[in-house]
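All remarks here apply to the structure that follows.
The values are calculated or read from the model by the stated rules, or taken from the named source; none is laboratory data. Values in this document were obtained by computation on a predicted structure and should not be read as measured data. With ideal geometry, Cβ positions are generated from the backbone for all residues, glycine too; neighbour counts draw on all protein chains shown. Quick note on the areas: whole protein, heavy atoms, side chains included, nothing else; ligands and nucleic acids left out. Shrake-Rupley method; radii C 1.70, N 1.55, O 1.52, S 1.80 Å.
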Amino acid sequence: MEKTDILSLTFEELKSDMASMGEKPFRAAQIYEWLHSKLVTDFDDMTNLSKKLREELQQRYALHGVKVVTVQESQIDGTRKFLFSLQDGNMIESVWMQYQHGNSVCISSQVGCRMGCRFCASTIDGLERNLTAGEMLSQIYEITRYTKERVSNVVVMGSGEPLDNYDTLLKYIHMLTDEHGLNISQRNLTVSTCGLVPRMRELAEEHLQMTLALSLHAATDEKRKELMPIANRYSLAEVMDACDFYFSRTGRRITFEYSLVGGVNDTDQDASELISLIRGMNCHVNLIPVNPVKERSYQESKHADVIRFQKKLEQNKINATIRREMGRDIDGACGQLRRRYMEG
Ligand code: SAH
């Protein structure tokens, strides 16, 4: 019989497992704390459990989080990119960033991605598989163990489309914010989507307090289709409706991500179109000068164009920031994460 993946069990699931094993309920709290707060990676380290129980756990459960393969540190800003191996030999990447307000981790939700955005490295070889909740959590745990620093913010913006792994994402959010685990506040969590409309609507109904970031990148259907195949499935009108719906259900303002590609979506006209699209919405625009990806020919916008674009939005009372690109020298920035480590 295949062992159950213990890192992917919620506290409630663990409690019912312990009950079925004839254990006291407080055992579940102890074990959950070892796994998700004290971050041990071996049943033998759970020192307040009897040897017999530890052996039973060993028999019944698999405990394999992700494993650190390499860590690269940016010489520019101290950002670190972690390459992790999974139990089945697949590899994923995560990024650790230090900000004044605390440490932030950007995690992956899938091995690869099937959304096909033209400027993104994560999608080049397509989707291999979804990550489990345990694998998503374990990226944060391993980084915490390695840096010995608390993570206060989590963004699901690494490889993968989180809403394409929807049920697992919900479980992951539940576990990440569980008081028996890392107990991270929902307000310190951001999930980024390329715009899977039905899932965005479902997520809104969960009434979570996390931030939803929408990868917009263009303000007309025509231009968006050039950059993002998903735009062929859902029109901008549908995506914007889903954003309004998310705001109406949760009261959380939407973040629009807009990667500026030189000569493609960074002109004055593009800015004007963006302004008419989102004017009056309770939102925030995050401008990202597109990051270089070897296989893609897109150029980043000139700095002066980025500033002009931002100014124009602000003149129209749209809150816009330019994302400080962390870890570019280690390919740790947006759209640069890959399934496998590339030499050179
Ligand atoms: N699938 C999700 C999350 C992963 S991508 C999504 O699409 O939102 C995280 C952000 O980085 C997205 O806004 C994505 O469009 C952007 N991105 C991808 N490649 C990029 C690149 N080369 N330069 C800048 N941003 C990029």
* From the backbone phi of the stretch 41-46, what are the Karplus-calculated ³J(HN,Hα) couplings (6.51 cos²θ - 1.76 cosθ + 1.60, θ = phi - 60°) in whole Hz, Gly and Pro given as x? -> 10, 9, 4, 5, 7, 7
* For P292, what charge total do you get from the other residues with a beta carbon under 13 Å from its beta carbon, if Lys and Arg give +1 and Asp and Glu give -1? -> -2
* To do: Whenever you get a sec, compute what percent of the accessible area on the stretch 15-128 sits on carbon and sulfur atoms (1.4 Å probe).
  => 45
* Report, ordered by chain and residue number, the lysines lying within cross-link reach of K302, taken as a straight Cα distance under 22 Å and ignoring same-chain residues fewer than 8 apart. => K223, K294, K311, K312
* To do: For H174, H64, H101, write out the residues from largest to smallest accessible area, computed with a 1.4 angstrom probe and no ligands counted.
  => H101, H174, H64
* Measuring with a 1.4 Å probe in the full set of protein chains, what accessible area per residue, in whole Å², belongs to the stretch 237-328? -> 49
* Which whole-angstrom value gives the distance between the alpha carbon centres of the stretch 112-154 and the stretch 238-317? -> 24
* Structure fact -> For the stretch 208-275, the percent of accessible surface on carbon and sulfur atoms (probe 1.4 angstrom, ligands and nucleic acids excluded) is 43
* To do: Mind checking the per residue accessible area of the stretch 62-140 for me, 1.4 Å probe, whole number of Å²?
  => 37
* **Where labels lie 7 Å past Cα in the beta-carbon direction, separation of T70 and N282 in nm** => 4.6
* In whole percent, what relative contact order does the stretch 42-90 give with Cα contacts below 8 Å and a gap of six or more residues? -> 28
* To do: Report, in deg cm²/dmol and to the nearest 500, the calculated mean residue ellipticity at 222 nm for the chain, where each DSSP H run with n ≥ 4 adds -39500 (n - 2.57) and the sum is divided by the residue count.
  => -10000 deg cm²/dmol
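Within a Cβ distance under 12 Å of Y234, other residues only, what is the Lys/Arg minus Asp/Glu net charge?
On the way: positive: R199, R201, R224, K225, R233; negative: D221, E238, D241.
Summing Lys/Arg as +1 and Asp/Glu as -1 gives +2.
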* Asked: What do the square roots of 5 times the Cα gyration tensor eigenvalues come to for the stretch 238-291, in whole Å, largest first, as semi-axes of the equivalent ellipsoid?
  -> 23, 12, 9
* Can you pull the one-decimal nm distance between simple spin-label points at D241 and E295, each 7 Å off the Cα toward Cβ? => 3.5
* Given the Cα atoms of the chain, and with Rh set as the inverse mean 1/r over their pairs in the Kirkwood sense, what is Rg to Rh to two decimals? -> 1.00
* To do: Run through every distinct alpha carbon pair of the stretch 59-147 and return the Kirkwood hydrodynamic radius in angstroms, one decimal place.
  => 14.1
* Structure fact -> Projecting the Cα atoms of Y246, G89, A28 onto the charge dipole of the chain, where Lys and Arg contribute +1 and Asp and Glu -1 at Cβ, the residue farthest towards the positive end is Y246
* Structure fact -> Connecting every pair of Cα atoms under 10 Å apart in the chain and solving the GNM, the largest mean-square fluctuation among T132, T211, T147 falls on T147
* To do: May I ask you to list the lysines whose Cα is less than 20 Å away from that of K3, ignoring any residue fewer than eight positions away on the same chain?
  => K15, K51, K52, K67, K171
* What does a probe at E2 reach in the stretch 109-141, counting residues whose amide N is under 17 Å from the point 7 Å along Cα→Cβ? -> 111, 128-136
* What is the projected area of the convex hull of the Cα atoms of the stretch 118-239, averaged over all directions, in nm²? -> 8.3
* Asked: Net charge near N282, counting Lys/Arg +1 and Asp/Glu -1 over other residues with Cβ under 10 Å of its Cβ?
  -> +1
* Structure fact -> Compactness check, the stretch 10-115: C-alpha Rg relative to the 2.2 N^0.38 Å globular estimate gives 1.36
* Structure fact -> With the label point 7 Å along the Cα-to-beta-carbon line of E202 and a cut-off under 13 Å to each amide N, the hits in the stretch 121-164 are 162-164
* Quick one: which residues, 5 or more positions from I322 or on another chain, have an amide H under 5 Å from its amide H? H modelled 1.01 Å from N in the peptide plane, none for Pro or chain starts. => L287
